[in-house]
Amino acid sequence: LTSRELTSHYLQRIERLDSKLNSFITVTADQALKAADAADQARAKGNAGLLTGIPLALKDIFCTKGVKTSCGSKMLDTFIAPYNATVVEKLNAAGTVSLGKTNMDEFAMGSSNESSFYGPVKNPWDLSAVPGGSSGGSAAAVAAGLVPAAMGTDTGGSIRQPAAFCGITGLKPTYGRVSRYGIIAYASSLDQAGPMARTAEDCAHLLNHIAGHDLRDSTSLARGVPDYLDTLDAPLSGLKIGLPKEYFGDGLDPEVAAAVREAVRVYESLGATVREVSLPHTHYAIPAYYVIAPAEASSNLSRYDGVRFGHRCENPLDLTDLYKRSREEGFGDEVKRRILIGTHTLSEGFFDAYYKKAQQVRRLIRQDFLDAFEDVDVLMGPASPSPAFDLGAKKDPVSMYLQDIYTISVNLAGIPGISVPAGFVGNRPVGLQILGTHFAEAQLLNVAHKFQ
Ligand code: GLN
């Protein structure tokens, strides 16, 4: 099979099916076919690596040179990125073929993909359900077989929750494992890019290429990258699994709980031992996150002023009018809500009460995980309290924020997490979330792989 044949196959599926799903914002068919031909030539010359010629898709938050990079926002609807994100450079160097840019919540703010300027994405398992968010387009495209793998980003669950809702595998690496250079910033101390694919093995292939230090991201870590394929098949006997009791309490759908417990039994049959652990500060995670993330977002989004790039209003009266109306017209409601929250909590007189307090809570949440990993190797629980909900079902923002209960503490702590398919409730998939300590990606991929 040539890369051109493979690429054409997926492009045809996108053409035929994506009008129903809306998982792509931009399809770059011509560039893809050119890249596929280049990959086929490289292969003919014996220059091919494992990923040469493999099609994939990029969440529209990754800057791609010469290609529209909208971040799901009207603000960037006409923005053509002048450079590639490091992740994109690395994937190009590996010979992969990008088919285009996937739909997402506006500026990655959301849990359902409904805040996108380009309209919601539908869940391929059930068109009346959301695909999750914010990397909903990437998850839906992989689940529907429009592309074999896609890149997402995860600030508070945006890889793991849509992976769970769409029945695929999604890995959020340790903060600092993958360069953030060229990824449009949402909350810089939490953002991390990672692979979304059918299996942990496919995720390992991608992580092998995207992980590593980058001089252009001072928060990326100078630490060697192992070959994540080497340990995929390591035996699990003796693995110590912790079940955080706070992840199985009120608010968890009983059928999701049953599916997760069933998955844990599979691990026991493979020789793992299971015990209950506690992450006592879990219930502070949502309030802490929804102070820290909007605070960082309000600062990151101040660059969209209608002057340098992005949407500019027509006929401004003066500079203030230009700022105000460009931002008023360019940003959607959820983004404005976050900017208001963030500006408020950072303002003089409120900083200590909100932002500083939230940072202190963050420290405690991180410590909970480190304490738990003294006793167990990995933690397991649900990725989300329910399976995918109906489009339009969560109208008030707080009910949407509560969706993130099992995912956001992981970003606050900086540890890695993976969601793997673990059955269904009716026709909607359930995700098992597996968490490890900092830089435990190889272990998470190994544990996930054994289940698949
Ligand atoms: N749902 C969370 C939020 O809206 C997480 C989003 C993300 O991880 N990008 O902030």
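The values are calculated or read from the model by the stated rules, or taken from the named source; none is laboratory data. What you see is a predicted model, and the numbers here were worked out from it, not measured in a lab. Positions of Cβ are generated from backbone atoms using ideal geometry, with glycine treated the same way; all protein chains shown enter the neighbour counts.
Overview of results
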{"read-out": "Flag if Leu319 is more than 16 Å from the ligand (Cβ to nearest atom), at pLDDT 95 or above and in contact with a Pro (Cβ under 7 Å, 6 or more places away or on another chain)", "value": "no"}
{"read-out": "Whichever residue in the stretch 299-310 is more than 13 Å from the ligand (Cβ to nearest atom) and surrounded by fewer than 20 Cβ atoms within 10 Å (Cβ to Cβ) and, among such residues, is farthest from the chain's Cα centre (by Cα)", "value": "Val307"}
{"read-out": "Scan of the stretch 113-134 for residues that are more than 19 Å from Met151 (Cβ to Cβ), among the small types (Gly, Ala, Ser) and either within 13 Å of the ligand (Cβ to nearest atom) or crowded, with 24+ Cβ neighbours inside 10 Å (or both), ordered by number", "value": "Ser115"}
{"read-out": "Flag for Leu99 being in a strand (DSSP E or B) and either in contact (Cβ under 8 Å) with a residue 12 or more places away in the chain or surrounded by fewer than 24 Cβ atoms within 10 Å (Cβ to Cβ) (or both)", "value": "yes"}
{"read-out": "Conditions (1) within 16 Å of the ligand (Cβ to nearest atom); (2) not aromatic (Phe, Trp, Tyr); (3) not in a loop (DSSP other than H, G, I, E, B): number failed by Lys395", "value": "(3)"}
{"read-out": "Pick from the stretch 398-443, criterion in a helix (DSSP H, G or I) and among the β-branched types (Val, Ile, Thr), ranking: farthest from Ala211 (Cα to Cα)", "value": "Val398"}
{"read-out": "Residue list for the stretch 208-234, restricted to those being within 20 Å of Gly95 (Cα to Cα), part of a loop (DSSP other than H, G, I, E, B) and among the hydrophobic types (A, V, I, L, M, F, W, C)", "value": "Val225, Leu229"}
{"read-out": "Scope the stretch 300-319; condition among the aliphatic types (A, V, I, L, M), under 30 Å from Thr155 (Cα atoms) and part of a helix (DSSP H, G or I); matching residues", "value": "Leu301"}
{"read-out": "Lone qualifier among Gly110, Gly137 - being under 30 Å from Leu340 (Cβ atoms), within 16 Å of the ligand (Cβ to nearest atom), not in a loop (DSSP other than H, G, I, E, B) and not β-branched (Val, Ile, Thr)", "value": "Gly137"}
{"read-out": "Residue match in the stretch 348-355 (condition: in a strand (DSSP E or B), without any contact (Cβ under 8 Å) to a residue 60 or more places away in the chain and of a type outside the set (Lys, Arg))", "value": "no"}
{"read-out": "Evaluation of Asp40 against (1) within 19 Å of Arg308 (Cα to Cα); (2) touching a helix residue (DSSP H, G or I) at 6+ places or on another chain (Cβ under 6 Å); (3) acidic (Asp, Glu) (one fails), failing number", "value": "(1)"}
{"read-out": "Search result, residues across the stretch 71-88 that are part of a loop (DSSP other than H, G, I, E, B) and surrounded by fewer than 24 Cβ atoms within 10 Å (Cβ to Cβ)", "value": "Asp77, Thr78, Phe79, Ala81, Pro82, Tyr83, Asn84"}
{"read-out": "Residue count for the stretch 226-267, restricted to those that are among the small types (Gly, Ala, Ser) and under 22 Å from His449 (Cβ atoms)", "value": "6"}
{"read-out": "Scan of the stretch 169-179 for residues that are touching a helix residue (DSSP H, G or I) at 6+ places or on another chain (Cβ under 8 Å) and in a loop (DSSP other than H, G, I, E, B), ordered by number", "value": "Pro173, Thr174, Tyr175, Arg177, Ser179"}
{"read-out": "First in the stretch 388-402 and under 19 Å from Ser135 (Cβ atoms), second anywhere and of a type in the set (D, E, K, R) and within 12 Å of the ligand (Cβ to nearest atom), Cβ under 8 Å, 6 or more apart", "value": "Leu391/Glu114; Met400/Lys394"}
{"read-out": "Test result for Gly152, without any contact (Cβ under 8 Å) to a residue 60 or more places away in the chain, part of a strand (DSSP E or B) and within 13 Å of the ligand (Cβ to nearest atom)", "value": "no"}
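Quick grid of which residues meet (1) out of contact with any His (no Cβ under 8 Å at 6 or more places or on another chain); (2) touching a residue at least 12 places away in the same chain (Cβ under 8 Å):
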{"position": "Tyr186", "(1), (2)": "yes, yes"}
{"position": "Ala193", "(1), (2)": "yes, yes"}
{"position": "Leu206", "(1), (2)": "yes, yes"}
{"position": "Ala211", "(1), (2)": "yes, yes"}
{"position": "Leu215", "(1), (2)": "yes, no"}
{"position": "Ser220", "(1), (2)": "no, yes"}
{"position": "Asp233", "(1), (2)": "no, yes"}
{"position": "Ile241", "(1), (2)": "yes, yes"}
